[in-house]
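Participant: Got a structure for you, written out below as structure tokens; questions coming shortly.
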Amino acid sequence: MVVLKGKSSSQQKLGGYIKFYHRDVFEPLLEHRDDTIGEYERFARARDTAAEELELLHDIAAKRAGTYAAEIFEIQRMMVEDGDYSSIVGSLIKSQQCSAEFAVKCAAKIFADLLRFSGSDYMAKRSEDVFFTADRIIRKLAGVEKRLAQYGDRMVILCADTMSSSDVLLMQSPFLCALAFKKDTEFSHCELLADKLGIPVISALGDDLEFKYDGHKAKLDCKKGILSIN
């Protein structure tokens, strides 16, 4: 048996099968584009579509988790529609003659670094939201949809490095009994939303939470912050 120690704000004890969720990250490369005006227009359309999706997720979250938790998606929508963010994307497209996808990726890193090094733990946690919203725009630009986890018909403890709040909202299932993260998700939006949805979370388990345990039975003692894998 492998015993991993992490952090949890829940008090529950439960059991299930380990299931790993890997975010299929779409990584745009630097590619030359002559039509910089056309690239920015592509970005603007994808940005507006992403904002509409986040507004829809806000409404879904409000029904399932309450208005306070739903504000997560309002914050993300504001990030997507931020004028400075769009301005940086436009400047990058024009100066580097790059694709809109690559410009969004670079702009997200600039914004995320500002939050990460702000000196505030709360604001540092928001840096992940920047990358998640950028990923949403990039996928719209590239026409690549995100694949969500499939559970099968048995109770699972879904494991990942971390997870976006929209992942948490859309992957609700009667067979999802808990979330387990390698990274520390305390104060993150994904953990806040999971709590409001009644999904126990244990985080900061570290790299010892390995894919080789996928399919193994496990027990979770949230009060002690312990994940025991058979």
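Where a number appears in this text, it was derived from the coordinates with a stated rule and is not lab data. All values derive from a computational prediction rather than experimental measurement. Don't worry about glycine lacking a Cβ; one is built from the backbone with ideal geometry, like all the others, and counts go over all protein chains shown.
Participant: To the nearest 500 deg cm²/dmol, what mean residue ellipticity at 222 nm is calculated for the chain from DSSP H runs of n ≥ 4 alone, each contributing -39,500 (n - 2.57), summed and divided by the residues?
Facilitator: -16000 deg cm²/dmol, from helical runs alone.
Participant: Work out how much length residue 30 to residue 114 would gain on full extension: take 0.36 nm times their residue separation and subtract the Cα-Cα distance, in nm to one decimal.
Facilitator: Going from the current span to full extension adds 28.0 nm.
Participant: Any idea what the dipole of the chain comes to, in debye rounded to 20, about its Cα centre with Lys/Arg Cβ at +1 and Asp/Glu Cβ at -1?
Facilitator: 1000 debye
Participant: Just in region 56-157: which GluC sites (Glu not before Pro) are loop by DSSP and have at most 15 other Cβ atoms within 10 Å?
Facilitator: For GluC sites (Glu not before Pro) across region 56-157 that sit outside H, G, I, E and B with at most 15 neighbouring Cβ atoms in 10 Å, the list reads 81, 145.
Participant: Using Cα pairs closer than 8 Å and at least 6 residues apart in sequence, work out the relative contact order for region 128-230, in percent.
Facilitator: 20 percent
Participant: Does region 36-142 come out rounded, prolate or oblate, given a ≥ b ≥ c as the square roots of the eigenvalues of its C-alpha gyration tensor, rounded meaning a/c under 1.5 and, failing that, prolate meaning a/b above b/c?
Facilitator: oblate
Participant: What full-extension length gain, to one decimal in nm, is calculated for residue 217 and residue 145 as 0.36 nm per residue of separation minus the Cα-Cα distance?
Facilitator: 22.9 nm
Participant: Report the Cα centroid-to-centroid distance between region 70-116 and region 169-211 in angstrom, as an integer.
Facilitator: What the calculation gives is 26 Å, centre to centre.
Participant: Which pairs in the list 183/224; 13/182; 94/140; 63/140; 5/217; 7/183 are over 22 Å apart, alpha-carbon to alpha-carbon?
Facilitator: Violating the 22 Å Cα-Cα cut-off are 63/140.
Participant: Work out how much length residue 224 to residue 52 would gain on full extension: take 0.36 nm times their residue separation and subtract the Cα-Cα distance, in nm to one decimal.
Facilitator: 57.9 nm
Participant: Same structure, new question: Classify region 42-84 as rounded, prolate or oblate, taking a ≥ b ≥ c as the square roots of the eigenvalues of its Cα gyration tensor: rounded when a/c is under 1.5, otherwise prolate if a/b is larger than b/c and oblate if not.
Facilitator: Oblate shape, in that a/c is at least 1.5 and b/c is the bigger or equal ratio.
Participant: Right, something else. Which FRET efficiency value, to the nearest 0.05, do you get for residue 78 and residue 5 by plugging their Cβ-Cβ distance into 1/(1 + (r/R0)^6) with R0 = 41 Å?
Facilitator: 0.65
Participant: Okay, moving on. Over region 42-174, what is the relative contact order in percent, taking alpha-carbon pairs closer than 8 angstrom and at least six residues apart?
Facilitator: For region 42-174, the relative contact order is 24 percent.
Participant: While we're looking at this one, here's another question. Using modelled backbone amide H atoms (1.01 Å from N, in-plane), which distant-in-sequence or interchain residues come within less than 5 Å of residue 20's amide H?
Facilitator: It is 159, 215, by chain and number.
Participant: Could you give the nm distance between label points at residue 62 and residue 195, where each point is 7 Å from its Cα heading toward the beta carbon?
Facilitator: Taking the simple label geometry, residue 62 and residue 195 are separated by 2.3 nm.
Participant: Moving on to the next point. Please say if region 154-214 is rounded, prolate or oblate, where rounded means a/c under 1.5 for a ≥ b ≥ c the square roots of the C-alpha gyration tensor eigenvalues, and otherwise the choice is prolate for a/b larger than b/c and oblate otherwise?
Facilitator: Oblate, since a/c reaches 1.5 and b/c is not below a/b.
Participant: Taking every DSSP beta bridge that has both residues in the chain, what percent is antiparallel when rounded to the nearest 5?
Facilitator: Approximately 60 percent, going by the DSSP bridge assignments.
Participant: Order by neighbour count: 78, 155, 1, fewest other Cβ atoms within 10 Å first, most last.
Facilitator: 1, 78, 155
Participant: Mean separation of Cα pairs under 8 Å and 6+ residues apart, divided by the residue count of the chain: what relative contact order is that in percent?
Facilitator: Worked out over the chain, it gives 36 percent.
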